[in-house]
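Structure record follows, encoded as structure tokens.
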């Protein structure tokens with residue numbers, strides 16, 4: 001089977017490419033400006049192209065059976081970048097997949113497509129989709145776009161993904177815990193959050209490679225169980241062997257930060273991930289992965305403390 005990965009040089013892509021290339025003929029679509037150092041020692045083909053330039057995708061999709069579409073915009077300050085990176089890019093890819101008769105596409109989406117909950121009911125694949133962020137809206141729009149094309153698809157929705165080579169915005173959370181031994185949270189810290197260690201996500205994505213009977217379905221992939229903020233901080237404390245002081249801030253700050261976020265976003269077309277992160281501290285974003293377990297045999301093996309240990313070890317080594 002011939003596989004194309006978009007976003008192969010990104011955090012998730014580099015891990016998935018390394019795993020898939022051991023078994024399948026794997027190709028990565030990269031831009032001219034991409035740093036491909038993480039791919040050089042892998043058995044992969046590298047094709048230059050840009051998802052925003054449709055004609056440049058033709059060579060990348062030649063004789064491809066399966067596409068893992070991981071590329072997308074997550075952390076930009078400009079709202080327009082989310083439209084281009086998540087919707088326009090997906091449209092161009094689908095058009096070219098159709099032209100090249102690609103057999104399947106697996107799309108990595110986000111639990112950001114869901115309506116956030118103030119209760120501890122876990123999110124499922126059937127939960128109401130009503131994103132509160134422009135990022136979540138563009139991911140949901142990309143999902144709907146994929147469903148309109150006559151190309152067999154699987155959609156994967158994931159929560160916050162962490163692990164070695166994670167984005168700097170996640171590193172700051174761990175570094176604050178490690179260096180300052182103090183973490184600020186909104187509210188009591190008893191609301192539920194799901195995380196997904198990178199190895200667990202990659203395992204689930206690979207399981208889908210040959211499961212054509214699961215075409216046309218959506219799956220949530222996360223760690224085995226959701227955690228409270230208090231449990232996450234306790235796990236970090238256990239790994240670094242130092243107590244972390246929890247600084248509880250009033251819940252009203254979450255609402256204020258969100259009003260500021262929306263005001264800036266509407267007036268100046270800016271998008272602030274940090275203000276959204278403050279808002280989500282008071283929300284419940286725990287996931288139920290029963291469907292993925294039952295239908296594709298998903299069994300995330302890396303527990304929270306092990307995942308944090310591996311992540312902090314990488315951060316310490318990469319910063320030295």
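Per-structure values
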| quantity | calculated |
| --- | --- |
| Alpha carbon convex hull of region 156-242, projected area averaged over orientations, nm² | 6.9 nm² |
| Cut-off 18 Å, label 7 Å out along Cα→Cβ of residue 98, residues of region 124-152 by amide N | 141-152 |
| Sequence ranges 17-24, 84-91, ranked by mean other-Cβ count within 10 angstrom, highest first | 84-91, 17-24 |
| Cβ-derived FRET efficiency at R0 51 Å, residue 269 paired with residue 181, nearest 0.05 | 0.85 |
| Rel. contact order, % - alpha carbon contacts under 8 angstrom, at least six apart, region 184-227 | 61 percent |
| Sorted by Cβ density within 10 Å, fewest first, the residues 105, 232 | 232, 105 |
| Three semi-axes of the equivalent ellipsoid, the chain, Cα gyration tensor, whole Å, largest first | 32, 22, 20 |
| Degrees separating the helix 134-148 axis from the principal Cα axis of the chain, which is the longest one | 30 degrees |
| Helix 89-100 axis, angle to the chain major axis (alpha carbon atoms, nearest 10°) | 30 degrees |
| Simple spin-label estimate for residue 256 and residue 45 in nanometres, 7 Å along Cα-Cβ | 5.7 nm |
| Residue exposure sequence - 281, 247 - by fewest surrounding Cβ within 10 Å | 247, 281 |
| Relative contact order of the chain, defined on C-alpha pairs under 8 angstrom at six or more residues apart (%) | 18 percent |
| Angle between the chain longest axis and helix 304-319 axis [Cα atoms, degrees, rounded to 10] | 80 degrees |
| Separation between Cα centres of region 143-201 and region 215-238, rounded to whole Å | 9 Å |
| Rg/Rg_ref, region 61-126, where Rg_ref = 2.2 N^0.38 Å and atoms are Cα | 1.41 |
| Beta bridges by DSSP in the chain, antiparallel share as percent, to the nearest 5 | 10 percent |
| Surface/4 estimate of mean projected area, convex hull on alpha-carbon atoms of region 169-320, nm² | 11.2 nm² |
| Using alpha carbons only: equivalent-ellipsoid semi-axes of region 1-149, gyration tensor based, whole Å | 27, 17, 16 |
| Rounded to whole Å, sorted largest first: equivalent-ellipsoid semi-axes of region 1-89, Cα gyration tensor | 22, 15, 11 |
| Between region 1-38 and region 42-90, the Cα center-to-center distance that results, in Å | 12 Å |
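The numbers here are math on the coordinates, done by the rules we state, and not lab data. Just so it is clear, the structure is predicted and the values come from calculations on it, not from any experiment. Backbone-built Cβ (ideal geometry, glycine too); neighbour counts: all protein chains shown.
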